[in-house]
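Here is the structure we will look at.
Coordinate-derived values only; no laboratory data. Every value quoted in this text rests on a predicted model; they were computed, and no experiment measured them. When we count neighbours, we look across all protein chains shown, and the Cβ atoms used for this are built from the backbone with ideal geometry, even at glycine.
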Amino acid sequence: MARTIVVTSGKGGVGKTTTSAAIAMGLARKGHRTVVIDFDVGLRNLDLVMGCERRVVYDLVNVIQGEANIRQALIRDKRCEELYVLPASQTRDKEALSKEGIGAILEQLSGDFEYIVCDSPAGIEKGATLAMYYADDAFVVTNPEVSSVRDSDRMLGILASKSRRAENNEEPIKEYLLLNRYSPKRVKVGEMLSVEDVQEILSMHLLGVIPESRSVLSSSNAGVPIILDEDSNAGQAYADVVARYLGEEVPHRFINDKKGLLGRLFGG
Amino acid sequence: MSASQKENLAESPLIELKSSSFTLPILMLFGNDLAVIGEQLSRTVERAPDFFRNTPIVMDLSPLAAESQQVDFAGVVSLCRDLGMVPIGVRGGNTEHNRAAEALAMAILADRSAKRETAPPPKPAAPAEAAAKRDHAPPSAGNATRLITQPIRSGQRVHAEGGDLIVTAHVSAGAEIIADGHIHVYGTLRGRALAGAKGDTASRIFCNDLQAELIAIAGQYQVSENMDDSIRGLPVQVYLENLSLMIHPL
Ligand SMILES: Nc1ncnc2c1ncn2[C@@H]1O[C@H](COP(=O)(O)OP(=O)(O)O)[C@@H](O)[C@H]1O
Ligand SMILES: [Mg+2]
């Protein structure tokens, strides 16, 4: 039985796709057979960040509508053989997604995979609520700013009430906070909320803090999940996140601004 | 249905008359200028629309009766209806008022404050009325209390109908908690809290850390902007005194 993780946030542009690609790659590199699904129908970009955009033949909507089977649509990653991508459609609209259709796909994948990572679209409408409906775990990606925290809070409310687990009165979805684009320097001068501020408002388990890093943009432009850039702070932070999620005890890093001289010269 | 079945049905009772008491919000009318009433009423409703939606309301006409003022009664009723309230009756009116109310199929309610017609301003009488209500109110039924142990998130709305609400976690900004009785929040209250939602002026709000967007008791509300900085972030209780909201540190 696979464990289904939804990467969600409410607000757009906070790093859901970056996170989905990174943790899917991280889990697969640790030997867990993983598939990452793009739910952002109409705005697909997970395939770009995963660097497989030129190998897309069929997509999620094709499978839901029976135009292709799941095996035809899955794209195997070239760098890690435990990792597969199920891309979104760029040409259909999100009305093509249905609860039953998604349920059937997840059911099929569940036999073959250990982890199913769902990259949620922004917003609180159909695409986003479907991405979370079947989740076991939710990674709530939040930027250290008030509007993003507020939207995450809203998302947590929906997670608690509109999931399959909630409807069946099962154990609720496990919620993990991922604070992305953190900059201790900007926290210090009061331009950003601190880790403590965010935790105080959301009161949920902190899975990791991902620092603001220029490497993120360059690596997604190159189609390389940031976790593969082991020299970058953000890549290391995602590796920590994956390890923590799998139960390892890893101290939090990148919360305080204490880079050494070398780090200051070459870091980022 | 056969004839005999019909007969059986006629035997077994389909109705029963019972009596029960309700606490209703009272709309006191101090003047008869319809335009001003409309403006003030809609401003009040705007600030707490959920409180007024489909809420039965009784109009107290005693201040008008005391000064023998007439009022465009149909006008006031339709103002209330337009704003989502359900006007059900009047009290304290004079004969003419009552006749107008009857014409609109409104109930004429027994006037417990009839004696006040001769007493000058009606406002100071309110606490006595609240106290009377408290004495007559049935003891709060334990099973009507609602307990919530999870954070109440932005966009969520919880209404404890017919009783108290206890929240042991925080209430986020953008969330709304409502109780017909008291509200207790043992975490930080950042959202909106409305106690005494059916008009019980004896209801109170207790919270561990007041950062609310709005607090209201029996329709008397205060928004964050008007809250005193000295009580922000403190454990407080909120209650009504002379129909005005009092916020006191615990
Ligand atoms: N830790 C980070 N540091 C710097 N830029 C980031 C970071 N995380 C995400 N970004 C950038 O933010 C933008 C939005 O990220 P994306 O993952 O597409 O967000 P979402 O899927 O939530 O819309 C991208 O340009 C991405 O490169
Ligand atoms: Mg995205």
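What are the principal axis extents of the Cα atoms in chain A, in Å, biggest first?
Cα extents, longest axis first: 56, 40, 33 Å.
Show me, bin by bin at 20 Å from 0, the whole-percent P(r) of the protein assembly as shown based on Cα pairs.
Reading the bins upward from 0: 19, 38, 28, 14, 1.
What is the packing order of peptides A:57-65, A:105-113, taking the mean over residues of other C-beta atoms within 10 Å and listing the highest first? The partial results should precede the final answer.
Working: A:57-65: 19.8, A:105-113: 16.1.
Listed from highest to lowest mean packing, they are A:57-65, A:105-113.
Do any GluC sites (Glu not before Pro) in the stretch A:190-239 lie in a DSSP loop with no more than 16 other beta carbon atoms within 10 Å, and if so, which?
Counting only loop positions with at most 16 other Cβ atoms within 10 Å, the GluC sites (Glu not before Pro) in the stretch A:190-239 are A:Glu191, A:Glu230.
Once Lys and Arg get +1 and Asp and Glu get -1 on their Cβ, which of A:Gly51, A:Tyr245, A:Leu179 lies farthest toward the positive end of the dipole of chain A?
Checked the options; the winner is A:Gly51.
Restricting to bridges with both residues inside the protein assembly as shown, how much of the DSSP beta-bridge set is antiparallel, in percent to the nearest 5?
20 percent
Using amide H atoms built 1.01 Å from N in the peptide plane, name the residues 5+ places from B:Val185, or on other chains, whose amide H lies under 5 Å from its own.
Under 5 Å from the amide H of B:Val185: B:Val167, B:Phe206, B:Cys207, B:Asn208.
Gaussian network model of chain A, Cα springs within a sub-10 Å range: biggest mean-square fluctuation belongs to which of A:Asn180, A:Asn233, A:Asn256?
Highest fluctuation among the options: A:Asn256.
What list of ³J(HN,Hα) values in whole Hz, one per residue of the stretch A:61-66 in order, does the Karplus curve 6.51 cos²θ - 1.76 cosθ + 1.60 (θ = phi - 60°) give from phi, with Gly and Pro shown as x?
With coefficients 6.51, -1.76 and 1.60, one gets 5, 4, 5, 4, 8, x Hz.
What does the charge dipole of the stretch B:18-109 about its Cα centre add up to, to the nearest 20 debye, if the Cβ of each Lys and Arg holds +1 and the Cβ of each Asp and Glu holds -1?
Working: 7 positive and 10 negative charges, 78 e Å.
For the stretch B:18-109, the charge dipole is close to 380 debye.
Nearest 5 is fine: what % of DSSP beta bridges in chain A come out antiparallel, could you say?
5 percent
I need the trypsin sites (Lys or Arg not before Pro) found in the stretch B:170-245, filtered to DSSP loop residues with at most 15 other beta carbons within 10 Å of theirs.
Working: sites: B:Arg190, B:Arg192, B:Lys198, B:Arg204, B:Arg232; in loops: B:Arg190, B:Lys198, B:Arg204, B:Arg232.
Those that pass, being in a loop and sparsely packed, are B:Arg232.
Go through the stretch B:47-114 and name the trypsin sites (Lys or Arg not before Pro) that are in a DSSP coil and have 14 or fewer other Cβ atoms within 10 Å of their Cβ.
Passing both the DSSP loop test and the Cβ count: B:Arg53, B:Arg112.
What's the extension gain from B:Ser42 to B:Leu250 if we count 0.36 nm per residue and subtract their Cα-Cα distance?
Taking 0.36 nm per residue and subtracting the Cα distance, the gain is 71.5 nm.
Can you compute 3J(HN,Hα) from phi for each residue in the stretch B:66-73, using the Karplus curve 6.51 cos²θ - 1.76 cosθ + 1.60 with θ = phi - 60°, rounded to whole Hz and x for Gly and Pro?
4, 9, 6, 8, 8, 9, 6, 5
For the protein assembly as shown, what does the helix formula give at 222 nm: sum of -39500 (n - 2.57) over DSSP H segments with n ≥ 4, over the residue count, nearest 500 deg cm²/dmol?
Mean residue ellipticity, 222 nm, calculated: -9000 deg cm²/dmol.
Could you calculate the contour length gain from A:Glu107 to A:Lys188, that is, 0.36 nm times the residue separation minus the distance between their Cα atoms, to one decimal place in nm?
So the extension gain works out to 24.5 nm.
Using only C-alpha atoms and all pairs of different ones, pull out the Kirkwood radius for the stretch B:145-249 in Å with one decimal.
Details: mean 1/r = 0.0776 Å⁻¹.
This gives a value of 12.9 Å.
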